[in-house]
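Reviewing the structure listed below.
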Amino acid sequence: MKPHVSLIIPAYNVSRFLDETLDSVKAQSVEPSSFETILIDDCSTDKTLEIAKSKSLGMSNLKVFSNIANMGTAVTRNKAICLASSNWIMLLDSDDLL
C-alpha cells in the first residue's frame, strides 16, 4: 500500500535530539503504514547515523539514507522529497517533536 504522507527529516549532528524526535514520530496514533518517514543523514560527525539506523529496526516505516558528502539542509531535504512515495510531504526538523 502506498503511504498517504511522506515525513521528511534531514539530519546533521543531532544525536542528542534524534531519539526523542523519532520516538515522537513512532508515538503517533495513525497506522504506521499510512505514512513513511525518510531520514537522510548529511554526513554527521557524531552518532546521528548510528542512532537512526538503530531506531529503524523498531520502526518499519523509517527509511534511513546518508549523503556521501555534506550538502546542507536544503539539498538534503530535496533529495528526501525525491525519494518520497506519497503525494503529500510533511517536513520535520531533526531536533523537533511531532
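The values are calculated or read from the model by the stated rules, or taken from the named source; none is laboratory data. What you are looking at is a predicted structure, and each value in this text was computed from that prediction instead of being measured. When the accessible area is computed, the model is the full protein with side chains, heavy atoms only, and any ligands, DNA or RNA have been set aside. Shrake-Rupley method; radii C 1.70, N 1.55, O 1.52, S 1.80 Å.
Side notes on the structure shown:
- Calculated accessible area for the chain comes out at 57 Å² per residue, all protein chains present (probe 1.4 Å; ligands, DNA, RNA ignored).
- Expected 222 nm ellipticity per residue - DSSP helices of 4 or more, -39500 (n - 2.57), all of the chain, to 500: -10000 deg cm²/dmol
- The value of relative contact order for the chain, using C-alpha pairs under 8 Å at least six residues apart, is 46 percent.
- C-alpha long axis of helix 15-26 to longest principal axis of the chain, angle in °: 0 degrees
- Of Ala74, Ala52, Ala84, the one that fluctuates the most in a GNM where the chain has Cα springs shorter than 10 Å: Ala74
- With every protein chain in place, the chain: carbon and sulfur % of accessible area (1.4 Å): 55 percent
- Mean projected area (nm²) of the alpha-carbon convex hull when the chain is viewed from all directions: 5.5 nm²
- P(r) of the stretch 2-51 over all Cα-Cα pairs, binned every 5 Å from zero, in whole percent: 5, 20, 28, 21, 14, 10, 2
- A Gaussian network model of the chain, with springs between Cα atoms under 10 Å, assigns the largest mean-square fluctuation among Lys63, Lys47, Lys55 to Lys47.
- In degrees, nearest ten, helix 73-83 long axis to first principal axis of the chain (Cα): 40 degrees
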